[in-house]
1. When you scan the range E:77-98, do you find a residue that is closer than 28 Å to F:D176 by Cα, among the small types (G, A, S) and touching a Lys or Arg at 6+ places or on another chain (Cβ under 6 Å), even just one?
2. If you take the residues in the range B:35-61 that are more than 7 Å from every other protein chain (Cβ to nearest Cβ) and either surrounded by 23 or more Cβ atoms within 10 Å (Cβ to Cβ) or assigned to a loop (DSSP other than H, G, I, E, B) (or both), which one is farthest from the chain's Cα centre (by Cα)?
3. What do you reckon, is B:H21 surrounded by 15 or more Cβ atoms within 10 Å (Cβ to Cβ), free of Cβ contacts under 8 Å to residues at least 24 places away in the same chain and outside the structural domain of B:G144 (by TED's automatic domain parsing)?
4. Please verify whether the range E:1-24 includes one or more residues that are within 7 Å of another protein chain (Cβ to nearest Cβ), modelled with pLDDT under 95 and either closer than 19 Å to A:L46 by Cβ or assigned to a loop (DSSP other than H, G, I, E, B) (or both).
5. Name the residue that is modelled with the highest pLDDT, counting only residues in the range D:25-34 that are among the hydrophobic types (A, V, I, L, M, F, W, C), closer than 22 Å to F:A38 by Cα and assigned to a loop (DSSP other than H, G, I, E, B).
6. Could you please let me know if F:A27 is within 14 Å of chain C (Cβ to nearest Cβ), surrounded by 18 or more Cβ atoms within 10 Å (Cβ to Cβ) and more than 17 Å from F:V168 (Cα to Cα)?
7. May I ask you to list the residues in the range F:101-124 that are surrounded by 14 or more Cβ atoms within 10 Å (Cβ to Cβ) and either part of a strand (DSSP E or B) or in contact with a Pro (Cβ under 9 Å, 6 or more places away or on another chain) (or both)?
8. Can you say whether B:S91 is crowded, with 19+ Cβ neighbours inside 10 Å and either closer than 30 Å to B:L9 by Cα or within 14 Å of chain C (Cβ to nearest Cβ) (or both), as far as the supplied structure shows?
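The values are calculated or read from the model by the stated rules, or taken from the named source; none is laboratory data. Predicted model only: the values in this text are computed from it and were never measured. In this analysis, Cβ positions are derived from the backbone assuming ideal geometry, glycine residues included, and neighbour counts consider all displayed protein chains.
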Protein chains: 6
Amino acid sequence: MPIVELHVLQGYESQEKLRLHEALTDAVRLVVPAPPEAITVLIHELKGEDYSRGGIHRQGASALPDAGDLVRTYLSAMEARDLERAQSMLSADFVMEFPGTGPLRTLDELIAWAKPRYRFVKKTYDGFDVMQSRKAATVVYCRGNLSGEWPDGDSFEGIRFIDRFEVVAGKITRQDVWNDIAEVKANA
Amino acid sequence: MPIVELHVLQGYESQEKLRLHEALTDAVRLVVPAPPEAITVLIHELKGEDYSRGGIHRQGASALPDAGDLVRTYLSAMEARDLERAQSMLSADFVMEFPGTGPLRTLDELIAWAKPRYRFVKKTYDGFDVMQSRKAATVVYCRGNLSGEWPDGDSFEGIRFIDRFEVVAGKITRQDVWNDIAEVKANA
Amino acid sequence: MPIVELHVLQGYESQEKLRLHEALTDAVRLVVPAPPEAITVLIHELKGEDYSRGGIHRQGASALPDAGDLVRTYLSAMEARDLERAQSMLSADFVMEFPGTGPLRTLDELIAWAKPRYRFVKKTYDGFDVMQSRKAATVVYCRGNLSGEWPDGDSFEGIRFIDRFEVVAGKITRQDVWNDIAEVKANA
Amino acid sequence: MPIVELHVLQGYESQEKLRLHEALTDAVRLVVPAPPEAITVLIHELKGEDYSRGGIHRQGASALPDAGDLVRTYLSAMEARDLERAQSMLSADFVMEFPGTGPLRTLDELIAWAKPRYRFVKKTYDGFDVMQSRKAATVVYCRGNLSGEWPDGDSFEGIRFIDRFEVVAGKITRQDVWNDIAEVKANA
Amino acid sequence: MPIVELHVLQGYESQEKLRLHEALTDAVRLVVPAPPEAITVLIHELKGEDYSRGGIHRQGASALPDAGDLVRTYLSAMEARDLERAQSMLSADFVMEFPGTGPLRTLDELIAWAKPRYRFVKKTYDGFDVMQSRKAATVVYCRGNLSGEWPDGDSFEGIRFIDRFEVVAGKITRQDVWNDIAEVKANA
Amino acid sequence: MPIVELHVLQGYESQEKLRLHEALTDAVRLVVPAPPEAITVLIHELKGEDYSRGGIHRQGASALPDAGDLVRTYLSAMEARDLERAQSMLSADFVMEFPGTGPLRTLDELIAWAKPRYRFVKKTYDGFDVMQSRKAATVVYCRGNLSGEWPDGDSFEGIRFIDRFEVVAGKITRQDVWNDIAEVKANA
């Protein structure tokens, strides 16, 4: 039966509202064991002139981009080796960590590290999980399987991976990667 | 400025409400770039006699347990080799997958698999991420570092890991594990 | 999906609230073709000190009795010839009309009229319909079958009837009766 | 003081909303003895994108026709012997019962039954009562006086009648009729 | 944290709503020691067809003029000796009282009284205070300093004054004036 | 018709709520020309565990004292020459100004100034006006008539006065006084 009412300054797109509907519904489901169809969400939009704090009107803000889409786009750009585009999606203090790398700070470092390891790698996705942490970052997980070619030209596929991203203000601030490449190689 | 009002049948504990406050706040933050302190959540509890659907009173349901706590308890039980307790937290259709294992269905299978790999392993946590998926499962991620002893008695530490759990109706239905053990061994 | 919220001064019994839940649900159903279970009603009770008009607290009022129950009790009293009790439920300006009587104002008139028509009559009910009119009166319909004895001692049963009552401020102000007694007699 | 708030998907006409205002007001009046002008109703319309159940948008439905108007139109069609029109307003499982008829299922049966009883009959209305029952049917009562001509060409007037209709999904499913025709004839 | 929601028939201008935002915020601040920026006001406008009392739609009314602006305009008209304009802002039962005058009812009386006292006077404002009294009148205070010329042509300035106005239905019904003119003269 | 809903953390006394009811009603009346009895105020109290900002519970604060009562008590203390009590109600940066005094900062200065002017003075009140300014101060006006004795023992009465107070956080920060004493003396 839970009913959620959200009062928010107007200006959100239908798609952005849908993300709010879903996120608020799932927020309730985290605690209340109601079937989803028993959870109602109502969004009440307010015109600027109908909202004040301290008797002063406040500016609404544009919706944050969908962090899942952002990560998906970043991973596509990396796969296509469109480093310029990928770079544009990273924050100034971006850090990444891959198996055995320790912290890396530039895409060039990453590419240098990857070179002796594989010629290229492609990702097939089993799922994305997106959530807002209690802190600043939106956290995006994606997991699935890697396929590609080893340096010797042999191909591989079906290697499990998981990536964890942190996104702040529309920029990726952190990427952590785990996968079974070493496990597979050890058993090769 | 967003204001969230939740109307819910009474009966939730203070701690359960706090989880609702946090989850609803973060649901809004996923889309609306407001600072957390600008997001207000009001919970309005209703007595059973004050709520109806179709003119018929409905029963409220007990809160779901905190899925993060559940996973933490499960991992402690496993670390302490309290298999009975760990088993009691798994659903009948529980599946787990570790690096190189393929799907395993029993804790015994897991222990047999682990035996030649390490004498024991302990986890230090860097963080837990808990979210309700659009489907039935609550998803819990935990990540951090492994320490322990190899079969030869040498100790190891600082090996990155990440676990992904799915929890449905208070039982763990799935565990997926990634870590750098093979990477570390390959470089040993 | 319709959601009805009722804000009302506290003091209503659970049973009185249930009547509000049902009546509000059905009010919506009169216009909105939603299945009943999709119509939610929330009652928000207010303490006297939390409600004002013109900055002045107002007194809540006791619930009206269930007009259907009132009529049912009246009809039982009449059937049991407990005229004192029946009389106590009538307003000072009570009027009734039975087939062929024109307006009657006292129970004695009614009994005099009935005497040559039947020795006694009992009612079996098929249903009650209760509604608040746009005017002062709550309207109660009851319909079903009459059984009893003719003046010659022969018994009858299964004669259709319908009564329409108007109730104002807990008193019956009007009763109109239709039935098939004459039809049955004509065919006897 | 009662205040009723109705949250409903947008799309209702002004006239349909007025029916909601009236029905919700009267629903409250059935229990709370407040003067009508002390009962406030607020309708809050929601755009489709602002409402969800289970995080999924739901379709609003067109308002049900005014059951009182429907019955009035049916009775006019019957009076004008426009049987085709009248028939179109009946559900497939329509049943009617008149004094002495037992259940009839077709308008032809009714006409055959009426033939030896009167040449024609017209209705003058004293009032309509419309209410949503707890079940599927909307119930409509109309009452007033019959005038017309007996088979012998003599005219009659001022004969009390009451009709009870059940309407489901915009179709009449049941009609029950009581009147004083036999009473009047018996006294003629 | 206080949140104020105002439900009001639509039709108010942005500037009129701002006055409502400020007045409602300050009403809360009179009792609750919250910093202004912690007090949120939401105005919910209703279309005429969405509001009823007793099931009957009610007419909204035009906003009252800003009583502070009204008084300011009146004082300017008086200073400019535009008596016709000033007069148009007074109610039929207007009364004023200046130091030593007792109640005056016409602007002519005032001018006659002022003549032996000063050639002209100008006001510099330190502040306006505007509030709605519990009774019909809106009360406006303005205070500041007087400058002008004595009858002998000598100029004066910096003489403290305060005016208290009552405004009802857009007309000034009362003006009370206090100042230090006599004090200054006594010390001259 | 306006309806005001106030959501506030629980803990306010009945009397403090009444001040909120009155102040919110009058805030609306400043702009909307509705008769007071058409303005409804609903206070919704929230338990601490039902309210959060940023997912964090916030502390409610005790109500501010009634500034009108505070001023009345101060004036009584002054009239009774209970300087200790009066002093305790003044803020550290208290300033007052009487006719011809310029700014005074201590009660002793005031008493020294008054000594040659009157033996004692009593106030009869015609009315108090209390309002929250847009800034920190609550403003209290009181007006009425002075009576007392001149230094020569002659008594006086009926001399108009008005006091304006500013109150911040329960302490008087400013007092400005105007009256007709000089006017009366000049005409004596």
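1. yes
2. For the range B:35-61, the residue satisfying everything is B:H57.
3. So B:H21 fits the description; yes.
4. yes
5. The qualifying residue modelled with the highest pLDDT is D:V32.
6. Working: within 14 Å of chain C (Cβ to nearest Cβ): yes; surrounded by 18 or more Cβ atoms within 10 Å (Cβ to Cβ): yes; more than 17 Å from F:V168 (Cα to Cα): yes.
Spelling it out, F:A27 is indeed within 14 Å of chain C (Cβ to nearest Cβ), surrounded by 18 or more Cβ atoms within 10 Å (Cβ to Cβ) and more than 17 Å from F:V168 (Cα to Cα).
7. Matches in the range F:101-124: F:L104, F:R117, F:Y118, F:R119, F:V121, F:K123.
8. No, not satisfied.
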